[in-house]
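Student: Input: one structure, supplied below.
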Amino acid sequence: MNVLEIRDAYRVHGTGEAAVHALRGVTLTVAPGELVAVMGPSGSGKSTLLNLAGGLDRPSRGDVFVEGQQIGRMSRRQLAAMRRRSIGYVFQDLNLLPSLTAAENVALPLELDGVGVRKARQLAVAALGEVGLGDLAPRFPDEMSGGQQQRVAIARALIGDRRLVLADEPTGALDSQTGEAVLRLLRTRVDAGAAGVLVTHEARHAAWADRVVFLRDGVIVDTSGPLTEPEQLLEPAS
Amino acid sequence: MSIRHGLLALLERGPMYGYQLRAAFEESTGATWPLNIGQVYTTLNRLERDGLVRPLPENDGGQRPYEITESGRAELAVWFATPINRTDRPRDELAIKLALAITTPGVDVKAVVQTQRTATMRALQEYTRLKTRDDDGLDLPWRLVLDAMIFQAEAEVRWLDHCEASLVRHTRTPRTPSAAPSPAPAHSEVTS
């Protein structure tokens, strides 16, 4: 089953003359173990697409499914629970809470979801170990480098049963070596069975993905990736 | 760049014959620059003519190794010390193609740009995959060659983005009455 499925989604902000058509009929599926990069100039609809995928926004028309659940049919409460349990986010900045240690930051989503503190901390330390930061669990964000902080954010995004990770320019301010290490890690986590969507304007970073979709004016104009993808053959050209 | 300087650099390690040179060349460029043996011998002949290498007696297997001369070493030192002049590189076919696309009536320039971008992106994905796959065993020279290809492909994608943005600005000005490209290219409805 696809972890993320966006079907013919439209998103219009505003009405009448002032209406902005941010997305105009986008279809995108992401399977477990698949990393999809979205590239496009500012205003092309990248952020809107990511917000729809993350349940932070709903389509004006069309459907979004996360792990088979239709976002449009969920109550606010159900949606919040799904965001906590199924989806991990990695943003360019403002990722970690400065007053919490690395382990506390990673444990936070679990604790919010009702997992006991001790159990959550245990899982967090293990998750930090998986991203190569086991020793830094008791450190605060400002005691870590930018690259280490971003790895903590990835550990947090994928803790628990989260199988969808959404990354928005996750290498923003990092130098090229550190940025590459972050993408390598994202790639590894996706290879281990997660589904990933990476929004970036850097081709070198998008190249870590299995597929790269090019967004222009709210429409996917092209896709670069494996030439024969089953769903590409099955999906009717809309 | 020249195969010439590449071979000189390899001979600086010690005398080699044609097939060894070809193998060593391909090894040091990660086989991204395949050489045929004819190119190797032609180049060796010219290097010999210019006094930069000299042939040694044939070995038992009938192969003739070459060694670098003093002038060869000097030439090599100059090569390493001199930055590569961009205008010495082969002319950029893609840039010329795009320039022609813009001035040729009936060509969907946006489609030309997008087709190229997708192809370059795919190459970039493949290079990146090579890098992931050989992560542990990757030696530094090969990694650097791979990175060079990655950065060049990235630059091409950025340049294509820039071209597209310029095209959009250009077509928005009302000054282009004839042969205005249709705003909805046929490929625009392809979904993933």
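The values are calculated or read from the model by the stated rules, or taken from the named source; none is laboratory data. What you see is a predicted model, and the numbers here were worked out from it, not measured in a lab. Quick reminder, even Gly has a Cβ in these numbers, built from the backbone with ideal geometry, and neighbours come from all protein chains shown.
Student: Looking only at the stretch A:197-238, filter to residues that are small (Gly, Ala, Ser) and at pLDDT 90 or above; which one of those is surrounded by the fewest Cβ atoms within 10 Å (Cβ to Cβ)?
Tutor: Once the filter is applied, the top-ranked residue is A:218.
Student: In the list A:28, A:49, which residue meets the criterion of being within 25 Å of residue A:184 (Cα to Cα) and part of a helix (DSSP H, G or I)?
Tutor: A:49
Student: Further, regarding this structure: Which condition number in (1) in contact with a His (Cβ under 9 Å, 6 or more places away or on another chain); (2) among the small types (Gly, Ala, Ser); (3) more than 11 Å from chain A (Cβ to nearest Cβ) is the one that residue B:166 fails?
Tutor: Status for residue B:166: all satisfied but (1).
Student: Moving to a separate point now. Any residue in the stretch A:163-172 that is under 23 Å from residue A:51 (Cβ atoms), in a helix (DSSP H, G or I), modelled with pLDDT of 85 or more and among the basic types (Lys, Arg)?
Tutor: Scanning the stretch A:163-172, I find no residue that is under 23 Å from residue A:51 (Cβ atoms), in a helix (DSSP H, G or I), modelled with pLDDT of 85 or more and among the basic types (Lys, Arg), so the answer is no.
Student: While we're here: Could you tell me which of the residues A:10, A:89 is aromatic (Phe, Trp, Tyr), farther than 30 Å from residue A:147 by Cα and assigned to a strand (DSSP E or B)?
Tutor: After ruling out the rest, the residue left standing is A:10.
Student: Let me ask something else. In this structure, is residue A:194 more than 12 Å from chain B (Cβ to nearest Cβ), surrounded by 19 or more Cβ atoms within 10 Å (Cβ to Cβ), modelled with pLDDT of 85 or more and touching a Lys or Arg at 6+ places or on another chain (Cβ under 8 Å)?
Tutor: yes
Student: Separate question: From the list A:166, A:174, A:185, exactly one residue is under 12 Å from the mean Cα position of the chain (by Cα) and among the aliphatic types (A, V, I, L, M). Which is it?
Tutor: Being under 12 Å from the mean Cα position of the chain (by Cα) and among the aliphatic types (A, V, I, L, M) holds for just one of A:166, A:174, A:185, which is A:166.
Student: Separate question: Looking at (1) closer than 23 Å to residue B:146 by Cβ; (2) not in a loop (DSSP other than H, G, I, E, B); (3) not acidic (Asp, Glu), which is the only condition residue B:13 fails?
Tutor: So residue B:13 meets the others, but not (2).
Student: If I filter the stretch A:90-134 down to residues being under 25 Å from residue A:178 (Cα atoms) and acidic (Asp, Glu), which single residue comes out as modelled with the lowest pLDDT?
Tutor: Out of the qualifying residues, it is A:93.
Student: While we're here: Given the structure, is residue A:145 small (Gly, Ala, Ser) and over 21 Å from residue A:207 (Cβ atoms)?
Tutor: Criteria met by residue A:145.
Student: Of all residues in the stretch B:2-42, which are within 19 Å of the chain's Cα centre (by Cα), buried (at least 18 other Cβ atoms within 10 Å of the Cβ) and within 25 Å of residue B:60 (Cα to Cα)?
Tutor: Within the stretch B:2-42, B:7, B:22, B:25, B:40 meet the criteria.
Student: Regarding residue A:128, is this residue more than 16 Å from residue B:128 (Cα to Cα), surrounded by fewer than 23 Cβ atoms within 10 Å (Cβ to Cβ) and among the hydrophobic types (A, V, I, L, M, F, W, C)?
Tutor: Spelling it out, it is not the case that residue A:128 is more than 16 Å from residue B:128 (Cα to Cα), surrounded by fewer than 23 Cβ atoms within 10 Å (Cβ to Cβ) and among the hydrophobic types (A, V, I, L, M, F, W, C).
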